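**Student:** Take a look at this one; I'll ask things after.
The values are calculated or read from the model by the stated rules, or taken from the named source; none is laboratory data. Since this is a predicted model, take the numbers as computed values, not measurements. Note that each Cβ is placed from the backbone with ideal geometry, even for glycine, and that neighbours are counted across all protein chains shown. In case anyone asks, the SASA skips ligands and DNA or RNA and just uses the protein heavy atoms, side chains included. Shrake-Rupley method; radii C 1.70, N 1.55, O 1.52, S 1.80 Å.
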Amino acid sequence: MLRWTLAGALLLCAAQAMDFRHHHYEDLVRALFSVQNECPYVTRIYSIGHSVEGRHLYVLEISDNPGVHEPLEPEFKYVGNMHGNEVLGRELLIQFAQFLCEEYRAGSQRITQLIHDTRIHILPSMNPDGYEVAARQGPEFNGYLTGRGNFREVDLNRNFPDLNALMYYYEKTEGANHHLPLPDNWEEQVEPETLAVIKWMQNYNFVLSANLHGGAVVANYPFDKSREPRMRGKTTYSATPDDKIFKKLAKTYSYAHSWMHKGWNCGDYFDEGITNGASWYSLSKGMQDFNYLYTNCFEITLELSCNKFPPVSALQREWLGNREALVSYLEQVHHGIKGMVYDNNNNPISNAEISVSGIQHDITSGADGDYFRLLLPGTYTVTASKQGYLPSTSTVTVGPAEAIQLHFYLKAAPKDINLNKNLHNKKDHHSVRATLRNPGPR
């Protein structure tokens, strides 16, 4: 008990020592490189692309072996400032990076283990151009929409390919339930910032993610887009096949947050501080749903402040309110099952499908043959399969602690056995264009 009390005192001192202020682009870049300078052996800075105005979309990676994917070590990401005028996430992620570095240098067992066992990616600002527009007005005069979009005033959270429409079609026709195909010419239909993030997702096998917003205080989970046609004044809950785990993820953040779980915030009430996105209001072409339908990544959207551009005086309180939640949510990447998929000769197999009986959403093994499947405690029947191999099925019991390792060894299928699956043509993809007249925080 004394150890945790002392740790809490040290964390409070660290918070008091932090420089709480708003960071323009140049300040943000300096802050990231300062962290790298302080913790050079466990950090790496890389750019995933540029904004419309040419600003780098810088990511800070924190890991014991930065720049390298280690098999069975999960990849995690935090994304902030997607809406340029929702700035708290940007500041929290800068502070979080500083915090991880400081705690690592101080020998914190919890943070050291997290950095050794996880590859953490932090993108403090997905929309640096929009931020500069909002920052010119500042906290006192910032309008609800000023700086929300990118330089072209495009809302980046309405700019991803609409895979929900395809998913809902496939649900009725027993089509694919994961890694849905992108529409033709999709790269020409999205903004540079969106393109950069999609390429980022393609290059890293992310397992868990959160997208930090502002304008409300609630943990929002998929699906954001309703399955039902929009009706004025009516919303409908739109569950994913992984609804239970998404609720658990949202509650993890909400209850670790100092006040989110209490429900009443910003004049709104959300039971336990969480909500299904579509149940709140339907949103098309959002990043959260895109993660789930196009990649192996489970993402939730964190609405973190009533004020989209809080004054400097509020930043320390917000940091103290979110610090434990940011750590606790990140730790959730280590739950469920993980393992390797090998062939007869112990060669890793990439893009093998991992299916869980009773959950109609598969994931795939990465380039190194490793897979990660988030699951709640319980007993599951899990199958690994790939075209050209005989499928392998195992039963596994998942506990509440770290992920259970479950490896698969696939034997090559005899040539006279046809294991081809029905492939769905890309022409089945159709898009539903929807624009909210009064866009909400997300």
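**Student:** In the stretch 227-255, which residues are at pLDDT 95 or above and part of a loop (DSSP other than H, G, I, E, B)?
**Tutor:** Y237, S238, A239, T240, P241, D242
**Student:** Regarding E132, is this residue out of contact with any Asp or Glu (no Cβ under 7 Å at 6 or more places or on another chain), charged (D, E, K, R) and over 28 Å from H56 (Cβ atoms)?
**Tutor:** no
**Student:** Can you name the number of the only condition in (1) over 27 Å from L180 (Cβ atoms); (2) surrounded by 16 or more Cβ atoms within 10 Å (Cβ to Cβ) that Y329 fails?
**Tutor:** Result: Y329 passes all but (1).
**Student:** Also, quick follow-up: Of the conditions (1) within 28 Å of N159 (Cβ to Cβ); (2) open to solvent by 10 Å² or more (accessible area, probe 1.4 Å); (3) in contact (Cβ under 8 Å) with a residue 24 or more places away in the chain; (4) over 19 Å from the mean Cα position of the chain (by Cα), G49 fails just one. Which one is it?
**Tutor:** With respect to (1) within 28 Å of N159 (Cβ to Cβ); (2) open to solvent by 10 Å² or more (accessible area, probe 1.4 Å); (3) in contact (Cβ under 8 Å) with a residue 24 or more places away in the chain; (4) over 19 Å from the mean Cα position of the chain (by Cα), G49 is out only on (4).
**Student:** Looking at the stretch 332-364, which of the residues that are closer than 21 Å to E299 by Cβ and among the hydrophobic types (A, V, I, L, M, F, W, C) is surrounded by the fewest Cβ atoms within 10 Å (Cβ to Cβ)?
**Tutor:** The qualifying residue surrounded by the fewest Cβ atoms within 10 Å (Cβ to Cβ) is I359.
**Student:** Please pick out the residue among E153, E174, E132 that is free of Cβ contacts under 8 Å to residues at least 12 places away in the same chain, open to solvent by 10 Å² or more (accessible area, probe 1.4 Å) and in contact with a helix residue (DSSP H, G or I) (Cβ under 9 Å, 6 or more places away or on another chain).
**Tutor:** Just one listed residue meets the conditions, E153.
**Student:** Scan the stretch 274-290 residue by residue and report those that are of a type in the set (S, T, N, Q), within 18 Å of the chain's Cα centre (by Cα) and part of a loop (DSSP other than H, G, I, E, B).
**Tutor:** Once the filter is applied, which keeps residues that are of a type in the set (S, T, N, Q), within 18 Å of the chain's Cα centre (by Cα) and part of a loop (DSSP other than H, G, I, E, B), the stretch 274-290 yields only S284.
**Student:** Let me ask something else about it. Are any of the residues in the stretch 299-318 over 30 Å from G214 (Cβ atoms), part of a strand (DSSP E or B) and under 19 Å from the mean Cα position of the chain (by Cα)?
**Tutor:** Among the residues of the stretch 299-318, not one is over 30 Å from G214 (Cβ atoms), part of a strand (DSSP E or B) and under 19 Å from the mean Cα position of the chain (by Cα), which makes the answer no.
**Student:** Continuing with this model, one more query. Evaluate the stretch 53-66: report whether one residue or more is under 25 Å from M287 (Cα atoms), among the aromatic types (F, W, Y) and open to solvent by less than 10 Å² (accessible area, probe 1.4 Å).
**Tutor:** Looking through the stretch 53-66, none of the residues is under 25 Å from M287 (Cα atoms), among the aromatic types (F, W, Y) and open to solvent by less than 10 Å² (accessible area, probe 1.4 Å).
**Student:** Collect the residues in the stretch 6-37 that are assigned to a helix (DSSP H, G or I), at pLDDT 95 or above and not aliphatic (A, V, I, L, M), keeping them in residue-number order.
**Tutor:** Across the stretch 6-37, the qualifying residues are Y25, E26, D27, R30, F33, S34, Q36, N37.
**Student:** Just need a number here: residues in the stretch 215-255 that are open to solvent by 20 Å² or more (accessible area, probe 1.4 Å), closer than 13 Å to Y329 by Cβ and in contact with a strand residue (DSSP E or B) (Cβ under 8 Å, 6 or more places away or on another chain).
**Tutor:** Result for the stretch 215-255: 1.
**Student:** Being surrounded by fewer than 24 Cβ atoms within 10 Å (Cβ to Cβ), in contact with a His (Cβ under 9 Å, 6 or more places away or on another chain) and either of a type in the set (F, W, Y) or assigned to a helix (DSSP H, G or I) (or both), is that true of even one residue in the stretch 256-273?
**Tutor:** Within the stretch 256-273, one or more residues are surrounded by fewer than 24 Cβ atoms within 10 Å (Cβ to Cβ), in contact with a His (Cβ under 9 Å, 6 or more places away or on another chain) and either of a type in the set (F, W, Y) or assigned to a helix (DSSP H, G or I) (or both).
**Student:** Against the conditions (1) open to solvent by 10 Å² or more (accessible area, probe 1.4 Å); (2) assigned to a loop (DSSP other than H, G, I, E, B); (3) more than 22 Å from S365 (Cα to Cα), where does R105 fall short? Just the number, please.
**Tutor:** Answer for R105: the failing condition is (2).
**Student:** Which of the residues spanning the stretch 108-122 are outside any strand (DSSP E or B), under 16 Å from A325 (Cα atoms) and open to solvent by less than 70 Å² (accessible area, probe 1.4 Å)?
**Tutor:** I111, L114
**Student:** Take L166 and tell me if it is touching a residue at least 60 places away in the same chain (Cβ under 8 Å), farther than 24 Å from G277 by Cα and either of a type outside the set (F, W, Y) or buried (at least 23 other Cβ atoms within 10 Å of the Cβ) (or both).
**Tutor:** When the stated conditions are applied, L166 does not pass them.
**Student:** Can you tell which of A325, A384, A367 is aliphatic (A, V, I, L, M), assigned to a strand (DSSP E or B) and in contact (Cβ under 8 Å) with a residue 24 or more places away in the chain?
**Tutor:** None of the others qualify; the one that does is A384.
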